[in-house]
Amino acid sequence: MKTLRSYEKNIAKIGLFLFIVAFTSCNTLRRVEDDELLLTKNNIYVNSEKIKSEDIRSLVLQEPNSSLLGYPLRLNLYNLAKKDPDSSFQAWLYKKPKREQRLVNTLSQKQVNRLGESFLVKGYSDWLKKVGEPPSIIDTVQTKKSLERLSVYYGSKGYFNNSTSYEIDSTKKKKRAEINYTIALGKPFIVDSITRNISSEAIDSIYQLNEDKSFIENSKQFDLVDFNNERKRLSELFRNTGVYNFQESSIAYDILRDTARVNDDQKMNVKLNIGNLRKRGDTSITTSEYKVFRLDKINIYPDYSFNGDISTLKSVEYENYTIYYKDKLRYKPKALADAIFLEKDSLYRDIDKIRTYRRITNLNTFKYPNILFTEDSTQSKLATDIFLATRPKFSWAIDFDITHSNIRSLGIGFSTALISRNIFRGAETLSLSLGGTFGLLSDETSTENFFSEIGADVGITFPRIWFPFFNWKKIIPSYKLPQSRVSIGTSFQKNIGLDKQTFNTILGYNWATNTFNKNSVELLNIQFVNNLNPDRFYNVYQSTYNRLNDIAVDYADDPALEDFYVMPEGPDGPELIIPEGTTGFTNAILNVEVPSTPEDFEDVASIEERRIRLTENNLIFASNYTFNKTNRSGINDNSFYSFRFKIESAGALLSAISNVIEFDKNDNGDRTVFGVPFSQYIKTEFDYIKHWDLSRSNVLAFRSFFGIAIPYGNSNSVPFVRSYFGGGSNDNRAWFPYSLGPGSTDNINDFNEANMKIALNLEYRFPVFGNLKGAVFADAGNIWNVWDNVEAPAAVFEGFESLSEIALGTGMGLRYDFTYFVFRLDMGFKTYNPALLASERWFSQYNFRNAVFQIGINYPF
């Protein structure tokens, strides 16, 4: 009987599936006429080989309708719209003789007219057409233009004699067709000789000295890319060897074939032509030879106003620069000179001008500069004027927000920041920030339901490497945009967690080797964390309290422990009093004041060790270095990679000092500074991201991360603020933050963390309609304890066999692009959960009941 019912259910499911397929198919062809064909696919064959390159496929003008996981969503949305909603409304309105009059009597003539323009009548169809996509009907005019584009492309690669054709294949499905583009390349043309015709003597001399670096070479197949690269190379070469006014349009090529060489007709001769400088006058165009220029007088106008009279300005000379100012010079001459890479009596170089633009802009004191060059009467010298318009001395911003969570019933936050520029007359920037959050807690059992958190930071940025007794300009010159940062900050919490106070100080440096490589060094990163209310530990970490209380229940009948419990009303058993009961019970077990099982003793010791670690004050005295590298050319570049490496060492300097100066020690033998044991560890991270632009805004994104922090010396664990956690909107999205791991443990603490992490993420992003994007993703990874004081086998990384504990989450999400930021909603499913029994790890929680929803801003990687 069960088999028959199962068979009937399967038949019903198959029938429903076939009905959906049939309905979808009919809706897809709804706007395709009998004499039209819906384009479903483009195929490009070059010398009988199918081409998959997106660069080449993008040359085809007409594309099939977009699809969402194989389903033409936008096409079907478009087809749902009424073809002529006005006519449909009119037909409905006059279908019954008295319908219009009844509506006029009930509403009014004006309202009836507006009804025809309403969203339900017309607006709905307009919206569907806007977010949808009209059917891609094959247009042979577009097809022929696509053939021409393909022919031109392969012609630019040297296949001048290529031949093209196309075929429309409509045999596979009704009213649907594919287009097959076929290109026969023929033999490529080869560069046989290169000659030159250069009008200006100076240009000819420079060219001969650098001819060996040419992209165009004898016996090399013709490629238009080489010619474009060579034109760009020559322009940069001339403009960086004194020819400040060289025009790229002066470069032209003649491609010649020797008709006498019949048997070798694939050879070509290339002639490079570089003409003279062309100047357009009021009535005519004149030409003159290009000249090599050296820089003469260099004038700097800080705080320049375009409405001012230059003749009234005062001036001062500094290192071959003349600085003009009004009333009072507000900048140190050295600060201005360090930002200028144009030097008197040197050859003009475009790179020096570009570096000057970048450096001045990077100072964050001036707006984009204006640099003008003026030729002298000898046409060999350039006078340089650098006009700088200052930014406002002060900038101030303020922000307010309102928050709500399961912990905070209401929170009102504010933040304000004040920026003061050029505080020491050397283009330094002072920043002051203050922020706070105040509100009510959700916990009605708390004696105080008001919370507050406030913080302040003071920072100064210097536009140079600031380090006493050492000249860093030879190692890190100014064109690498060096900066030094000094900051001091603090924050205070009240009725939040353990009422933490934090003090931090940073002395750091950063510089850019080039546009794509950046370096950052924090010589000092000092952080002091002071927990004012450690007795609230078990109130905050409820999971840890429940673990301890579950053990304590078995000892509630012991007379020596009876004062540590309270008996709540209802069926629940005795509960430990916080903090007197939790402290008393823990001490009784660990001091063997009452007998306990070895398992209970070990569990209580582990819980107490975690309590001490999370409630003790921390002093982190660290240094770190970070290297970032990317090849991303801009915000719209969807095919790039980025790599980040970081290494951090904490406590090494204090440990070295302790060998000279004796430090105090606590009861555990740890060396202390002002009564607080300093942390000692070494930490390193590797983060690699790669994006592939597949086609039509479809992007495949990959991320890999590995991080490890190893305690040593004065520490047997890593501070909580420097540890790793798993889960969250930017990590494994099938788990909430701090709920994954360590290892195969099952969310045993409120905030699960460890000192080693592996993360792998893969996400396919695609457009849905308009600014709405979709994504499917797979997130893998976990955290583990390694070489620290955690001994639980399920949490410790034991080698390659522990890789079987890498969790896998898969899911899908939606993103809405608001231009300035992206709002993201993801739904993750636990596909492989290492916390379960081995036989239940795969797909046992792959359902909506266990799904996790994550909200994020911008893309996760």
How many nm is it between the label spots at residue 219 and residue 256, if each spot is 7 Å from the Cα in line with the beta carbon?
2.3
Suppose the chain between residue 633 and residue 668 were pulled fully straight at 0.36 nm per residue; how much longer would it get relative to their current alpha carbon spacing?
7.2 nm
With every protein chain kept in place and a 1.4 Å probe, the residues 390, 583 fall, from largest accessible area down, as 583, 390
I'd like the Karplus ³J(HN,Hα) series for the range 344-356: coefficients 6.51, -1.76, 1.60, θ = phi - 60°, whole numbers in Hz, and an x wherever there's a Gly or Pro.
4, 6, 8, 4, 5, 9, 4, 5, 5, 5, 5, 5, 5
Rounded to the nearest whole Å², what accessible area per residue is found for the range 659-719 with the 1.4 Å probe?
53
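What fraction, in whole percent, of alpha-carbon pairs in the range 645-794 exceed 27 Å separation?
Details: 4507 of 11175 pairs.
Everything past 27 Å amounts to 40 percent.
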Placing one equal point scatterer on each C-alpha of the range 739-797 and summing with Debye, one gets log10 I(q)/I(0) at q = 0.27 Å⁻¹ equal to -1.05
Set the Förster distance to 22 Å, then compute FRET efficiency between residue 535 and residue 751 from the Cβ-Cβ distance, nearest 0.05.
0.75
Among rounded, prolate and oblate, which fits the chain when a ≥ b ≥ c are the square roots of the eigenvalues of its C-alpha gyration tensor, a/c under 1.5 means rounded, and a/b larger than b/c means prolate?
oblate
Note: the range 752-834 at 20 °C, 1.002 mPa s; Kirkwood Rh on alpha carbon pairs; Stokes-Einstein D in µm²/s works out to 144
Name the shape class, rounded, prolate or oblate, that the alpha-carbon gyration tensor gives for the range 513-667, where a ≥ b ≥ c are the square roots of its eigenvalues, rounded holds for a/c under 1.5, and otherwise prolate holds if a/b is larger than b/c and oblate otherwise.
prolate
Using only C-alpha atoms and all pairs of different ones, pull out the Kirkwood radius for the range 429-560 in Å with one decimal.
19.0
Under the 7 Å Cα-to-Cβ spin-label approximation, residue 771 and residue 814 lie apart by a distance in nanometres of 1.5
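Where does the range 285-436 land on Rg/Rh, using Cα atoms and the Kirkwood Rh? Show your work: numbers first, answer last.
Details: Rg = 21.9 Å, Rh = 18.3 Å.
Expressed as Rg/Rh, it is 1.19.
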Determine which aspartates and glutamates satisfy two conditions relative to residue 353: a Cα distance under 20 Å, and not lying fewer than 8 residues away in the same chain.
236, 248, 296, 303, 319, 338, 343, 345, 375, 376, 385
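At R0 = 25 Å, how high is the FRET efficiency between residue 593 and residue 553 if r is their beta carbon distance? Nearest 0.05 is fine. Display every interim value, and only then the final one.
On the way: r = 18 Å, r/R0 = 0.72.
It comes out at approximately 0.90.
In Å², and per residue, what accessible area does the range 513-596 have when probed at 1.4 Å with the other protein chains present?
Numbers: 4510 Å² over 84 residues.
On a per-residue basis, 54 Å².
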Assigning unit charges at the beta carbon (Lys, Arg +1; Asp, Glu -1) and nothing else, what dipole magnitude in debye, to the nearest 20, does the chain show about its Cα centre?
5340
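Summing Lys, Arg as +1 and Asp, Glu as -1, what charge do residues with Cβ under 14 Å from the Cβ of residue 460 carry, residue 460 excluded?
Within the 14 Å Cβ shell, the charges total +2.
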Rough spin-label spacing in nm, given labels placed 7 Å along Cα→Cβ, for residue 174 and residue 58
3.8
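Past the 27 Å Cα-Cα mark, which pairs from 344/474; 52/145; 328/393; 213/646?
Result: 213/646 exceed 27 Å.
Tally up the carbon and sulfur contribution to the accessible surface of the chain as a whole percent, 1.4 Å probe, everything protein left in place. Present the calculation step by step, with values, prior to reporting the outcome.
Values: 26290 of 47760 Å².
C and S fraction of accessible area: 55 percent.
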Quick one: net charge of residue 65's neighbours, Cβ under 13 Å, K/R +1, D/E -1?
+4
Rh (Kirkwood, all Cα-Cα pairs) for the range 512-592, Å, reads 16.0
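Could you order the peptides 519-532, 660-673 from most to least packed, using the average number of other C-beta atoms within 10 Å per residue? Kindly include the intermediate steps, with their values, before the conclusion.
Details: 519-532: 17.0, 660-673: 11.9.
Highest mean packing first, the order is 519-532, 660-673.
Loop-only check: which chymotrypsin sites (Phe, Trp or Tyr not before Pro) in the range 442-514 are DSSP coil with at most 12 other Cβ within 10 angstrom? Don't skip to the answer; put the middle values down first.
Numbers: sites: 450, 451, 466, 469, 470, 472, 479, 492, 503, 509, 511; in loops: 466, 469, 470, 472.
The qualifying sites are 469, 470.
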Determine the principal axes of the Cα atoms in the range 193-274, then give the extent along each, sorted from largest to smallest and rounded to whole angstroms.
46, 23, 22
Round to the nearest 0.05 the FRET efficiency obtained for residue 194 and residue 347 when R0 = 41 Å and r is the Cβ-Cβ distance.
0.90
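Nearest 500 deg cm²/dmol is fine: what mean residue ellipticity at 222 nm does the chain get from its DSSP H runs of n ≥ 4 alone, each adding -39,500 (n - 2.57), divided by its residue count? Don't jump to the answer; show the numbers that get you there.
On the way: 17 runs with 185 residues, N = 861.
So the calculated ellipticity at 222 nm is -6500 deg cm²/dmol.
The values are calculated or read from the model by the stated rules, or taken from the named source; none is laboratory data. Source: prediction; values computed, not measured. Cβ atoms come from the backbone with ideal geometry, glycine included; neighbour counts cover every protein chain shown. The accessibility values were calculated without ligands, DNA or RNA, using every heavy atom of the protein model including side chains. Shrake-Rupley method; radii C 1.70, N 1.55, O 1.52, S 1.80 Å.
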